[in-house]
Structure formats: structure tokens, C-alpha cells
Amino acid sequence: MATDIKDTTHAVEAEAVMRLFPARPRLLALGEPTHGEDTLLDVRNDLFRQLVEQEGYRTIAIESDCMMGLVVDDYVTSGTGTLDDVMERGFSHEWGASAANRELVRWIREYNDGRPEPERLRFAGIDGPLEISGAASPRQALTALHGYLAAHVHADLLPCTAETLDRLLGADDQWTNPAAMMEPAQSVGQSAEARELRLLADDLVALFDEQTPHLIAATSREAWDRARLYGRTATGLLRYHYWMADTSPARMTRLLGLRDRMMADNLLAIVERGPALIHAHNSHLQREKSTMRMWDHPLLEWWSAGALVNAHLGGGYAFVATALGTIRHQGVDTPPPDTLEGLLYALPEDRYLIDTPQLATSLADPRPAARVSPWFGYAPLDPARLADYDGIVFVKDVPSDR
């Protein structure tokens, strides 16, 4: 069997990745089975460089706060700020500390230096301003949208003043109360003020859409596109906070679905600029429903960002998952030989790309067993879902330091 599998493998190079598809994908998704490992980010960085130089890709997007990502994009496109400051303020989930993320930002800035604007590479975060413990205040996004509109449309058209927004928003710490994730009664998401803010945010977004021709002419398509990000982030956050305060059995399913919906909306906006590489967890990029068991809840199911984007883009969306052999510093040792990862681990190369349809054909019955992860932070691939992947990048060993 190992010899047959070997015939399905290729070097992890852009040319080999492109051969997996009938045409260049508008959005190429590269997943990862765990977070925080620079070895996997090095693979991402190498592939992105090749996609830029050989295939015309111009944007990289990662699973990080979309509002914070604007700090990185400003730096790589125009040199605003310093690299140290950007790594401190431009990433969520503490990923600014990653040496591989720093190298990515440094390389993009170096590539863009001296190039005309249409040829510059772009950076984006796709996640909402969310953490596992809760969500950010909608203040930044909502007031930025209001400010953009107030500067360019007649005041009589605005549904409220900036002072009204400030009063209704109140103190930011009431929105970010970490107790609200476990205790819905601690959330302000269904307060009278929050309900009014949802209506005002909806009106602001509607006004923004109605004024699109004028706004693009008065500012620029780039400024308009950024304001559109403010709008979908503000409404997304207010919707998320509403469900934070909910007490029904649907609460967690809705929260998980809303997060992936925010990711999908950001991805669909990003792909309008041209071909893009997105890097995030496999579970966010897969075409199938995502599932999770959490606390005392029954099995939770929701549509992933990848499933939503795939429904819109069809053949313009491609998904290459990443699998790995070991993360010994996290207790993930050599995979059992009867699992998918075990079969791949038996091959000699340190990393390679697998043609998934060919792999599925080469795997005789019985199907490989599903690997059981000994660590909550690593999710093995499901052998029953091979058809969901256009390809697989396999990394044999992930060391604790590079």
C-alpha cells in the first residue's frame, strides 16, 4: 500500500498545487490541524511566495482579527508604522509573537517597496474581533462606519449622531465581560441600548449601500471597501453579542455559526480584489459541516466558512488540508500505522503534497482508521472525508523549536 500512496505524492510547490485543479482557484484555502506551530506557517509562507511569483496571487488572509489586520495591511502597502508595532497591534490570538508571521510581514513589505499600487501584495485578517472568551465592543467598527458616512453624506441622512452612538455604547468593558460566555445574563447583548444599536447599525449599512456610487467617487474604492468592512464587522459583533445573551439551546450553535459567517463574508470581500491564499484551521475551511462537543451541550453542528464560501464560488474555491505526524512537545507521538496519518508517516519525505482523489483510489478497503488525538489542540483528518479535500499537505514532524 505504501508504494501506491507514494505515487500520489509531490513536492509542496505552487506548480504541483495548481495541477490539482482544472483552473486557478480564486480562493485557495490552506488549512492547518493545530495553531501556533511555526513549522506549519513556514510551509504557508513558502507556498505564498511561489503563488505570488508564479501564479499572480496578490493577497494572503489568515485567521486573525479583521480589524487588527488593517494595521498590518497599512504597513505592508505603505510602510505605516514599524514592524515591531505592527506585530504587537496587528494580530489577535497572540500570533504577533510568531517568528513565521513576522517573516511573512517583513517579506511582503520588502516585496511591495517601490512597486506601484496595483502590483502590491495585500494582507487581511478574516476572523471577527472575537476570542474564545468573548467578543470585542462594537465601538471601533460602528463609530468608524459612522465617521466615514458623516464626512461624505448630508447629516440629515444619518440615522443618529456620533454622540448618540457613544451614549448607547456605554463603557467598553461591559461588552467584553468574560463572564458572559458562561453566563448569558452577564451579557449586554439584548439590553435596550444594544437593540437600538442593532437598528442603527442596520440603517447605517443600508445608507452606506445606497450611497455607494457617491462614496466611491468622493473617496476611493479602497476607502469604500474598508468602510464596508466596518459595517459588516459592526453588525456581526452586535448580532454575536445578542446571541451571547441568549438562553435557548440554540445559543452555542448560533455563536459558532456566526463566527464562521463573519469569516465567510470577509473572504468573499477579499476575493473581489483578485486571487487570494487563505490560511486557517482545517475546520473553518472544510466544505462539510463543522461539529464540536462543548461542555454539557449535545453535539454542535454548523456550516463552516469554507462551506459558505464554496456555496458562493463553486469551482473558484479550493481546499488543501494539512495533516501531520508528530507534535511531540504536545504529546502527539508517532501515529498508529493503521490510520491515515500513520500510512503517510511511513513515507520517507519530511513534507509533501498529496493528490487526494488519487490517494482515495489507492487506499483499499478497509478504510484507514481515524486517529485519536491525545491533545485537545490538534485535530486529525477524518479518513471518511477524503472527498472533501482537493489535496493534503503532510508534515511529518513538528519540532518544538525550529
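The values are calculated or read from the model by the stated rules, or taken from the named source; none is laboratory data. Remember, predicted model here, so these are calculated numbers, not experimental data. Note: ideal-geometry Cβ built from the backbone for every residue, glycine included; neighbour counts use all protein chains shown. Protein only, heavy atoms only, side chains kept; ligands, DNA and RNA dropped before computing areas. Shrake-Rupley method; radii C 1.70, N 1.55, O 1.52, S 1.80 Å.
So which of ALA124, ALA144, ALA61, ALA100 is open to solvent by 20 Å² or more (accessible area, probe 1.4 Å) and outside any loop (DSSP other than H, G, I, E, B)? First the steps, then the outcome.
Details: ALA124 fails: open to solvent by 20 Å² or more (accessible area, probe 1.4 Å); ALA61 fails: open to solvent by 20 Å² or more (accessible area, probe 1.4 Å); ALA100 fails: open to solvent by 20 Å² or more (accessible area, probe 1.4 Å).
The unique qualifying residue is ALA144.
Within the stretch 160-176, the set of residues being open to solvent by 50 Å² or more (accessible area, probe 1.4 Å), assigned to a loop (DSSP other than H, G, I, E, B) and farther than 14 Å from GLY189 by Cβ comprises THR161, ALA171. Scanning the stretch 25-35 for residues that are over 14 Å from the mean Cα position of the chain (by Cα) and open to solvent by 10 Å² or more (accessible area, probe 1.4 Å) gives a single hit, ARG26.
LEU386 fulfils the conditions (1) under 24 Å from the mean Cα position of the chain (by Cα); (2) at pLDDT 95 or above except for a single criterion, (2). One residue is enough: does the stretch 209-230 have a residue meeting the conditions open to solvent by 30 Å² or more (accessible area, probe 1.4 Å), at negative phi and touching a Lys or Arg at 6+ places or on another chain (Cβ under 7 Å)? Checked the stretch 209-230: no residue is open to solvent by 30 Å² or more (accessible area, probe 1.4 Å), at negative phi and touching a Lys or Arg at 6+ places or on another chain (Cβ under 7 Å). Checking each residue in the stretch 4-22 for being among the small types (Gly, Ala, Ser) and either in contact (Cβ under 8 Å) with a residue 60 or more places away in the chain or outside the structural domain of LEU51 (by the TED database) (or both) picks out ALA11, ALA16. Each residue in the stretch 261-307 was checked for being among the polar types (S, T, N, Q) and either closer than 24 Å to LEU121 by Cβ or not assigned by the TED database to the domain that holds GLN50 (or both), and 1 of them qualify.
Does the stretch 103-116 include one or more residues that are part of a helix (DSSP H, G or I), without any contact (Cβ under 8 Å) to a residue 24 or more places away in the chain and over 16 Å from the mean Cα position of the chain (by Cα)?
Yes, because at least one residue in the stretch 103-116 is part of a helix (DSSP H, G or I), without any contact (Cβ under 8 Å) to a residue 24 or more places away in the chain and over 16 Å from the mean Cα position of the chain (by Cα).
Before we move on, is ARG293 among the basic types (Lys, Arg), open to solvent by less than 30 Å² (accessible area, probe 1.4 Å) and either closer than 26 Å to PHE319 by Cα or touching a residue at least 24 places away in the same chain (Cβ under 8 Å) (or both)? So ARG293 fails the test. Taken over the stretch 69-82, the criterion of being exposed (fewer than 15 other Cβ atoms within 10 Å of the Cβ) and over 15 Å from ALA124 (Cα atoms) is satisfied by GLY79, THR80, THR82.
Among the residues of the stretch 43-61, are any of a type in the set (A, V, I, L, M, F, W, C), in the same structural domain as ALA100 (by the TED database), more than 16 Å from the chain's Cα centre (by Cα) and more than 19 Å from ILE270 (Cβ to Cβ)? Yes, the stretch 43-61 has at least one match. Of all residues in the stretch 344-402, exactly one satisfies the criterion of being β-branched (Val, Ile, Thr), surrounded by fewer than 20 Cβ atoms within 10 Å (Cβ to Cβ) and in a loop (DSSP other than H, G, I, E, B), namely VAL372. Evaluating CYS66 against the criteria (1) more than 26 Å from VAL320 (Cβ to Cβ); (2) touching a residue at least 60 places away in the same chain (Cβ under 8 Å) leaves one unmet condition, (1).
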